[in-house]
Amino acid sequence: MRFQKGTLVAYGVIDGSGVRQLTGDYLKGGKPSGTTHKLKDVKLLAPVAPGKILAIARNYQSHLGKIAPPAHPEMFYKPPSSICGPDDAIVLPKGATNVHYEGELVAVIGKQLRKATKAEAAAAVFGVACGNDVSEQNWQNGPDKDFQWWRAKGADTFAPLGPWVVKGLDYSKLMLRTRLNGKVVQEAPTSDLITDVAFMIAFTSQYVTLEPGDLFYTGTPGITTKMSPGDVVEVDIEGIGVLRNPVKAE
């Protein structure tokens with residue numbers, strides 16, 4: 001995890017209802033510092049400060065409908081500036097009229113990877129978190145669409161992440177649910193992924209060197225709908241926890 005307490009910003013490990021503060025980034029060898037905090041006394045931040053965010057399009061058949069799956073993983077970038085943490089607001093930019101939630105499993109890379117095999121890619125996953133690939137549909141596919149998805153997918157706050165990174169899970173068969181104002185609006189197991197996590201990472205590493213802390217948003221299931229100011233969206237993944245974000249206008 002990563003947290004703030006007063007002016008302190010630090011990395012930590014959750015131990016029951018407490019937080020063991022680390023000497024630095026857990027992805028770069030941070031060790032227990034001997035300082036502990038109560039979980040209720042700290043503000044959770046996005047648990048990773050990534051160098052790169054990669055995401056995959058069209059990775060659940062329930063999201064594709066009758067469209068055939070792509071021939072190879074369709075990857076795209078979201079900028080690191082789009083990251084926001086638990087309970088941070090998703091801010092709808094001026095001119096945005098059709099912004100959708102997209103609840104997703106996120107894989108965190110734990111070591112440098114280049115031209116990896118699928119087995120090497122699987123071994124390089126440090127852990128997993130909840131994510132939300134927020135998307136402005138009109139800027140992505142609608143009448144005001146751009147040639148690239150730079151603002152449709154990459155606007156500030158369009159990559160909520162958290163609440164922490166969990167190690168040791170079999171993330172190939174976790175139940176993912178997204179709730180909008182308490183109502184379940186997405187529900188699917190990660191076993192429904194068309195391209196599994198290890199393959200998408202291995203494929204990407206053939207062309208792009210991956211570094212510790214890089215993120216993979218792994219795709220969203222089902223049908224998504226518009227969010228409005230005042231809404232609250234929650235991404236709840238079995239074994240990980242709940243990523244909650246309110247929605248507000250700029």
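Report every pair of residues separated by at least 6 positions or lying on different chains whose Cβ atoms are under 7 Å apart, first residue within segment 190-206 and closer than 13 Å to residue 124 by Cβ and assigned by TED's automatic domain parsing to the domain that holds residue 64, second surrounded by fewer than 22 Cβ atoms within 10 Å (Cβ to Cβ) and of a type in the set (Val, Ile, Thr).
Partner pairs satisfying both residue conditions: 197/125; 202/117.
Restricting attention to segment 46-82, which residues are closer than 18 Å to residue 243 by Cβ and free of Cβ contacts under 8 Å to residues at least 60 places away in the same chain?
Our first condition is that a residue be closer than 18 Å to residue 243 by Cβ; within segment 46-82, this holds for 46-50, 53, 55, 78, 80, 82.
If the condition is that a residue be closer than 18 Å to residue 243 by Cβ and free of Cβ contacts under 8 Å to residues at least 60 places away in the same chain, then 80 is the only one that fits.
Among what's in segment 43-97 and is touching a Ser or Thr at 6+ places or on another chain (Cβ under 8 Å) and among the hydroxyl-bearing types (Ser, Thr, Tyr), pick the residue that is farthest from residue 18 (Cα to Cα).
Here the residue is 60.
Can you tell me which of (1) within 21 Å of the chain's Cα centre (by Cα); (2) surrounded by fewer than 16 Cβ atoms within 10 Å (Cβ to Cβ) is the one residue 17 doesn't meet?
Residue 17 satisfies all of (1) within 21 Å of the chain's Cα centre (by Cα); (2) surrounded by fewer than 16 Cβ atoms within 10 Å (Cβ to Cβ) except (1).
Which condition from (1) of a type outside the set (Ser, Thr, Tyr); (2) touching a residue at least 12 places away in the same chain (Cβ under 8 Å); (3) not assigned by TED's automatic domain parsing to the domain that holds residue 230 is the one that residue 29 breaks?
Going through (1) of a type outside the set (Ser, Thr, Tyr); (2) touching a residue at least 12 places away in the same chain (Cβ under 8 Å); (3) not assigned by TED's automatic domain parsing to the domain that holds residue 230 one by one, residue 29 breaks only (2).
Filter segment 66-77 down to residues that are assigned to a loop (DSSP other than H, G, I, E, B) and either closer than 18 Å to residue 103 by Cβ or touching a helix residue (DSSP H, G or I) at 6+ places or on another chain (Cβ under 8 Å) (or both), then give me how many there are. Before you say what the answer is, go through the steps one by one.
Just the residues of segment 66-77 that are assigned to a loop (DSSP other than H, G, I, E, B), to begin with: 66-73.
From what's left, either closer than 18 Å to residue 103 by Cβ or touching a helix residue (DSSP H, G or I) at 6+ places or on another chain (Cβ under 8 Å) (or both): 69, 72-73.
Residues that pass the stated criteria total 3.
I'd like the residue in segment 183-197 that is acidic (Asp, Glu) and more than 19 Å from residue 134 (Cα to Cα) and, out of all such residues, is surrounded by the most Cβ atoms within 10 Å (Cβ to Cβ).
196
Restricted to segment 212-250, and to residues that are among the aliphatic types (A, V, I, L, M) and surrounded by 20 or more Cβ atoms within 10 Å (Cβ to Cβ), which residue is farthest from residue 52 (Cα to Cα)? Step through it out loud before you land on a result.
Keep residues of segment 212-250 that are among the aliphatic types (A, V, I, L, M), which gives 215, 223, 227, 232-233, 235, 237, 240, 242-243, 247, 249.
Those left that are additionally surrounded by 20 or more Cβ atoms within 10 Å (Cβ to Cβ): 215, 227, 233, 235, 237, 240, 243, 247.
On the way: 215: 6, 227: 26, 233: 24, 235: 22, 237: 23, 240: 22, 243: 20, 247: 24 Å.
If we take residues in segment 212-250 being among the aliphatic types (A, V, I, L, M) and surrounded by 20 or more Cβ atoms within 10 Å (Cβ to Cβ), then 227 is farthest from residue 52 (Cα to Cα).
Just give me the residues in segment 81-117 being closer than 16 Å to residue 165 by Cβ and either β-branched (Val, Ile, Thr) or surrounded by fewer than 18 Cβ atoms within 10 Å (Cβ to Cβ) (or both), in sequence order.
Within segment 81-117, 83, 106, 108, 109, 111 qualify.
The values are calculated or read from the model by the stated rules, or taken from the named source; none is laboratory data. Just so it is clear, the structure is predicted and the values come from calculations on it, not from any experiment. Every residue, glycine as well, gets a Cβ built from its backbone with ideal geometry; the counts of neighbours run over all protein chains shown.
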